Amino acid sequence: MNMSRRLAAEFVGTLWLVLGGCGSAVLAAAYPGLGIGFVGVALAFGLTVLTMAYAIGHVSGAHLNPAVTVGLFTGRRFPGRDVAPYIAAQVLGGMAGAGILYIIASGQAGFSTAGGFASNGYGDHSPGHYSLMACLTCEFAMTFAFLFVILGSTHSSAPKGFAPIAIGLCLTLIHLISIPVTNTSVNPARSTGPALFAGGWALQQLWLFWVAPILGAAAAGMIYRLIGGDTNPAPADVVGDPA
């Protein structure tokens, strides 16, 4: 598949993840009388990944996440030369998704990004006021588990066609666990987009939501090669085969 098409797919897919997931948090989570709450937001994030995995998995692999790209690289499922372009497309997509969400949200009287605009945080900016160490550990562990599921469900021996379901449900579970801790990142591109619009503390704390997910994903890639028997696998996409 032509690289420009793959990068365009990653851009659109990550845009959808941020718009759908963060949009549910900003626009619908606490809507008076009809708010979807934590469970609804968790489900929304899972659905964004599931739907895009089926839509563009055969084009780009539907990584939609710099940590996923890094984890697939350390798991020897993705070539190193493509890591930087994928991450750039994902971050730009996350920024675009946050931009669209900002235009929509700011159309309501009294709108402000003071509440964080679905940004991730630790300490005083953690939803449950969890410490820096607790948030770092949570993001590392959740991303590790996410990559472990991705690597397992896309293994050549795994049932075909079901990977998007497993991956989407895994992301939903991750959000159910960690929204109170960090507002759930496990995705540096998802964290970067909203932080750019929220500014202030969200940008100051953004480093954690790059470092912890990428370290967790990289560790998962290396460990899955030992547990899953991937001693020297050929490069593969997250979902589907390139057209």
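Taking the empirical scaling 2.2 N^0.38 Å for compact globular proteins as reference, the range 28-167 has a Cα radius of gyration ratio of 1.20.
Using C-alpha pairs under 8 Å with a sequence gap of at least 6, the mean separation divided by the residue count of the range 48-144 gives a relative contact order of 14 percent. Remark on the range 1-80: Rg and Dmax equal 14.8, 49 Å (Cα only).
Of the complete DSSP H runs in the chain, those spanning 24 angstrom or more by Cα along the long axis with a mean Kyte-Doolittle score not below 1.0 are 37-60, 83-105, 132-153, 163-182, 208-227.
Across the chain, Cα-Cα pairs more than 23 Å apart make up 43 percent of the total.
Across the chain, Cα pairs under 8 Å and at least six residues apart give a relative contact order of 33 percent.
Split the chain at each of the chymotrypsin sites (Phe, Trp or Tyr not before Pro) in a DSSP loop with at most 12 other beta carbon atoms within 10 Å, and the longest piece is 1-161.
Spin-label pair Val83-Ser4: with each label point 7 Å from Cα along the Cα-Cβ axis, the two points sit 2.7 nm from one another. Once you reduce the range 164-223 and the range 82-156 to the center of their Cα atoms, the two points are 4 Å from each other.
Among rounded, prolate and oblate, which fits the range 91-146 when a ≥ b ≥ c are the square roots of the eigenvalues of its C-alpha gyration tensor, a/c under 1.5 means rounded, and a/b larger than b/c means prolate? The shape class here is oblate.
For the chain, what does the accessible surface come to per residue with a 1.4 Å probe? Please give it in Å².
42 Å²
Checking the a/c ratio against 1.5 first, then a/b against b/c, what shape does the Cα gyration tensor give for the range 88-202? It comes out oblate by the Cα gyration axes.
If you roll a 1.4 Å probe over the chain with all protein chains in place, what percent of the accessible area is carbon or sulfur?
70 percent
The values are calculated or read from the model by the stated rules, or taken from the named source; none is laboratory data. Keep in mind it's a predicted model, so treat the numbers as computed, not measured. Quick reminder, even Gly has a Cβ in these numbers, built from the backbone with ideal geometry, and neighbours come from all protein chains shown. Each accessible area value is taken on the protein alone, full model and side chains, heavy atoms only, with ligands, DNA and RNA left out. Shrake-Rupley method; radii C 1.70, N 1.55, O 1.52, S 1.80 Å.
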